[in-house]
Every structure is written in C-alpha cells, then in structure tokens.
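The values are calculated or read from the model by the stated rules, or taken from the named source; none is laboratory data. Note that the structure is a prediction, hence the values are computed from the model and not measured. Heads up, the Cβs are rebuilt from the backbone with ideal geometry, glycines too, and the neighbour counts pull from every protein chain shown. Side chains are part of the model used for accessible areas, which takes the heavy atoms of the whole protein and leaves out ligands, DNA and RNA. Shrake-Rupley method; radii C 1.70, N 1.55, O 1.52, S 1.80 Å.
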Amino acid sequence: MRLSQRAAAIGESATLSVARRAAELRAAGVDLADFSAGEPDFPSPPVAVEEAARALAAGMTRYGPAAGLSELRRELAESFRRRHGAPWTADQVVVGVGAKSPLFALALALLEPGDEVVLPSPYWVSFPEQIRFAGGVPVAVEMAAEDGFRIRARPLVEAFSPATRAVLVNSPCNPTGGVMAASDLEELAGACAERGIPLICDETYERFVFEGEFASAAPLARRLPETVVVVGSFSKTYAMTGWRVGYALGPPPIIKALISIQSHSTSGPTTFAMAGALAALRGAEDEIAAMQEEYRRRRDLVLSMLGRIAGVRCVAPAGSFYAFPRVSAHYRPGRQGSIEMAEYLLDEAQVAVVPGVAFGADDHIRLSFACSREVLSAGLGRMARALG
Ligand code: PLP
C-alpha cells in the first residue's frame, strides 16, 4: 500500500513527542499546568447552545447549502459592513468548517505546483502544511521580536518573486500575538493589488487585541475588491472550537471556487451548528467582553511572572491569547532547542507548552493563556523554579 507523495510529505508533527509525553503524564495522574491548548477555556455562549439545540429538535438535520446557511452569510456580510465598512454582499461569503477549511480551500483554489505564498514568520503551524499540500511553496519572512513581532509590509513585499501567487497574513498572530498596523496593511494590500495577487488575512483572533484598535483588512476591500480576502472563525471569538464554523469573504471568483471545493469535500458545516453560530453573532457581545477582560488580566499576569525569570524575554502580545517567550538562554545539553526544552518543562515543572520550532522559531516556546489565573500562577511559579 502506497500513500500519495502529498500525504507522505505532511508526516508527523515534530511536536507530537511533547504532546504524547504530556498525555502520558496526564494519564498517570500528574496535575499538569496545560499551557499548550489553542482553545478558549470558556463555555460557548448560552444563546448559541440554546439555538443549536432548538434547531436540532426542530428537525434541522438535513443537508444545508454548500456555501453555508443563507441567513448566516447575510448576517456575516452585514456584520463586516457595520463594523468595518466592508463592501461584501452575502454571495461573497462562504461559511466553512472552522477557518481551517476555507484556508485549505484557498490554497487549493489559488496554487499551481511551485507557486509561492509569502507569509510572516513565526506562523501558525497549519499555514505551510496547507500550502505544501496544495503543491505551493511557503516563503516565510521573519518578523522581529525587537519590533514587538509587528507584522511589517516592507519585508513581505521585498520577498515577492515572479512565482508569488498569494500573501497570507495572520493578525493578531498565533503564536506571537503580533499585529499588523492599518498603514502596513494598506501598503501590503496595495502591493498585492498591483500584481493582481490575493492578500489573504486570517483574522481569527480579531476580537482579542490588548493594545489599540484592531486593524482589519476588510475596509481595504472597498478600494481593492478583487484581491482582498478575509478569513475568520467562531472558534476563538465565541469559544466555539468544537462547533467547526468559520468563514471567508472576498472577490466573487475566489468565493465561488471555495464553494465549489466545499461542495465536493465537506458539503459545508453542520447545519444546527451554523444556527447556533448565527445566534452567537447576533447576541453574544457580553460574553466576548467578559473574555476580553479576563484574557487581559491573564496576559498581565503571564508577562509579570515571565518577566521575573532571568534570561526569559517575552514581547508583550498585542493580541491573541498566547505569549511567545524566547527561552534559548536556558538551552543546555539535554535541553537544546524548543522540543527538548518543552520536554524538560513537562518533566521538571509539570508545565505543558508548545515548542517554538512548530511555528518556525526554535528559540521560543508558546504559552497559551486560555486557562485560569490559578493554573497560570502555579505553572509559571514551577517554571521559574525549573529555570532558576
Ligand atoms: N487560524 C489561526 C491563526 C488559528 O490559530 C487557528 C486555530 O488555532 C485557525 C485559523 C483555525 O481555527 P478553526 O478552524 O477552529 O476556526
């Protein structure tokens, strides 16, 4: 039995050994401080749960439209118009299975073998894999920790080549928390439009910004309707990871292609999950505000505790719910590199983190603060002692 080259190339994640070790420790009853999860620890909004249950009980159990429920597409277009002045209409929206499926479909829709996608590094783990899976070549451009991991347009534009077919940015960024300023977005969007290539903006963490206002790419679509694409998700915004509802908005030819791909792959998200998502979109602002407040407190706690560990440098994340400290000053034989450091922290401090190498930055580890302040405080205390 032979796997396709495509599947074989994806292989096992380099960080799986750490995840496996964490699972073993947990199974053995060890009380881990788990900073590895990229998902909110809050419950989904009651309005969403009630509406999904109601829809299910009312018989919403059939196939839905491949593009997603029309009402949800309309409400998403309206939400982007109201919040960002975006020009998109309901037919320029596709509702996907999380943000992950539209992102994957975008790679399939846009890339021929050898086409390059320029993206900032550190990057979310799935970006390069999805690009490669579609036959493309990720061109990662490093953003500087000294610059607060801000996502800058200039170095991205300088990385353009004749083979560049798309640009993919993620602001606020998983894992760094870095954001892209409106002026940089504008410069990058302009450069993409000039070349007629799409600028894909993954705004999954749009509602979790701690410094200043979030700059969405959506307003730029008014002037550059043919090249700006925005991807988002209900997963983090509404603590609805398991519901698997996300979306993309953009130019009609691209959205049409995404719907076609979806019609032959997932057939769209689960219908009653979309009904719940629609209810969240219409009425869960209080829940978002409560999460924002709590993430801010946790961020301050994490920064102050990490700041007290000699040799650990952490940029204050401007957004998201991750901290991405540089820990390489603590690398030694036996804990050389982020994977061994993560294993060391598991064994010595019972703290689970994600090795930075997964995001293209082996001097760092990623800590999620999607867990309680008590757990953060206890785990970071143990981490300080292990690195002391
Ligand atoms: N984009 C980024 C930057 C993420 O961090 C994630 C999840 O961790 C996703 C997209 C996908 O989220 P989902 O498919 O749950 O919407």
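Below is a table of values for the structure above.
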item	result
Some residue of segment 10-27 being in contact (Cβ under 8 Å) with a residue 60 or more places away in the chain, closer than 30 Å to Leu278 by Cβ and either within 16 Å of the ligand (Cβ to nearest atom) or in a helix (DSSP H, G or I) (or both)	no
Qualifying residue in segment 354-373 (condition: more than 21 Å from Thr176 (Cα to Cα) and either open to solvent by 10 Å² or more (accessible area, probe 1.4 Å) or in contact with a Pro (Cβ under 7 Å, 6 or more places away or on another chain) (or both))	no
Residue within segment 276-293 that is touching a residue at least 40 places away in the same chain (Cβ under 8 Å) and assigned to a loop (DSSP other than H, G, I, E, B) present	yes
Residue tally, condition of a type in the set (Val, Ile, Thr) and in a strand (DSSP E or B), over segment 360-376	1
Number of the condition not met by Asp147 [criteria: (1) closer than 27 Å to Arg313 by Cα; (2) open to solvent by 30 Å² or more (accessible area, probe 1.4 Å); (3) within 16 Å of the ligand (Cβ to nearest atom)]	(3)
Residue count for segment 150-167, restricted to those that are away from the ligand (no atom under 16 Å from the Cβ), touching a residue at least 40 places away in the same chain (Cβ under 8 Å) and of a type in the set (A, V, I, L, M)	2
Odd one out for Val312, checked against (1) in contact with a Leu (Cβ under 7 Å, 6 or more places away or on another chain); (2) under 26 Å from Lys236 (Cα atoms)	(2)
Members of segment 317-330 that are out of contact with any His (no Cβ under 6 Å at 6 or more places or on another chain) and surrounded by 17 or more Cβ atoms within 10 Å (Cβ to Cβ)	Pro317, Ala318, Gly319, Ser320, Phe321, Tyr322, Ala323, Pro325, Val327, Ser328, His330
Identity of the residue in segment 60-81, assigned to a loop (DSSP other than H, G, I, E, B), of a type outside the set (A, V, I, L, M, F, W, C) and open to solvent by less than 40 Å² (accessible area, probe 1.4 Å), that ends up farthest from Pro225 (Cα to Cα)	Gly64
Residue within segment 168-184 that is more than 16 Å from the ligand (Cβ to nearest atom), open to solvent by less than 10 Å² (accessible area, probe 1.4 Å) and either out of contact with any strand residue (DSSP E or B) (no Cβ under 6 Å at 6 or more places or on another chain) or under 22 Å from Phe104 (Cα atoms) (or both) present	no
Looking only at segment 242-263, and only at residues there that are within 21 Å of Pro40 (Cβ to Cβ) and open to solvent by 30 Å² or more (accessible area, probe 1.4 Å), the one that is nearest to the ligand (Cβ to nearest atom)	Arg244
Residues of segment 91-106 that turn out to be within 16 Å of the ligand (Cβ to nearest atom) and outside any strand (DSSP E or B), as a count	10
Residue that is most open to solvent (accessible area, probe 1.4 Å), among those in segment 200-229 that are part of a loop (DSSP other than H, G, I, E, B) and among the hydrophobic types (A, V, I, L, M, F, W, C)	Phe214
Per-region count, segment 299-316, residues under 25 Å from the mean Cα position of the chain (by Cα), open to solvent by 60 Å² or more (accessible area, probe 1.4 Å) and among the basic types (Lys, Arg)	1
